[in-house]
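The values are calculated or read from the model by the stated rules, or taken from the named source; none is laboratory data. Since we're looking at a predicted model, the values are computed, not measured. Positions of Cβ are backbone-derived with ideal geometry, glycine not excepted, and every protein chain shown enters the neighbour counts. When the accessible area is computed, the model is the full protein with side chains, heavy atoms only, and any ligands, DNA or RNA have been set aside. Shrake-Rupley method; radii C 1.70, N 1.55, O 1.52, S 1.80 Å.
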Amino acid sequence: MEETNWLMSIVNNPFAKGLALGIILCLVIYIRGFLRRRELTKEVDRLRSHLHTKLEIDSAENERRKHELERLKQERDNLQITVQSLNQKPGRKEIRQYYVYQTALDIMFEKAPGFAPAWQITIKEAEELFEKSERGVVPLLKRLMPSTPDKQAEEYEKISRISIEDGVKANQSS
């Protein structure tokens, strides 16, 4: 009986009751904390997987943009080279000069009233000289045989000079 008496005295002791109540309260809090930690661990894992997926998507998009940027830079460089080469081709400067002269002629027609008839007569004479230089065997062979544009321009100038000289000599003898 002493053992039961001893056990009852411990149970009836206010310190023991408080200790038991504190231990039970600690166990409840520990179990709730354990369950909450498990929930938070699952939430962190879920968020980590979402973050990983988002980073993969962003990485793929950044790589695609990087490749497109490189492609566009290469295309821009190619277009710049093409524009430069087209500007350097023979004839571009001459075409530009032609437009400058044409604009100057238009301005002269408006400003100088006596300029137009003299100009028209000079153009007709020049056209006749070039038609003479374009007829014959040599110009026909030049047109049939391909050559570089520079050589064609030089030959055309030579033929034009010869025709102009022949025309000047014919006018002086008349």
Scoring only Lys, Arg, Asp and Glu (+1, +1, -1, -1) among other residues with Cβ under 14 Å from the Cβ of Leu40 yields +4
Compute the signed sum of charges (Lys and Arg +1, Asp and Glu -1) over the other residues within less than 12 Å, Cβ to Cβ, of Glu63. -2
Accessible area per residue, Å², segment 36-112 with all protein chains present, probe 1.4 Å: 95 Å²
Once neighbouring chains are kept in place and the probe is 1.4 Å, which whole percent of the accessible area of segment 1-129 is contributed by carbon and sulfur? 63 percent
Magnitude of the Cβ-charge dipole (Lys and Arg +1, Asp and Glu -1) of segment 14-131 about the Cα centre, nearest 20 debye, reported as 1740 debye
Rounded to the nearest 10 Å², what accessible area does Thr82 show when all protein chains are kept and the probe is 1.4 Å? 70 Å²
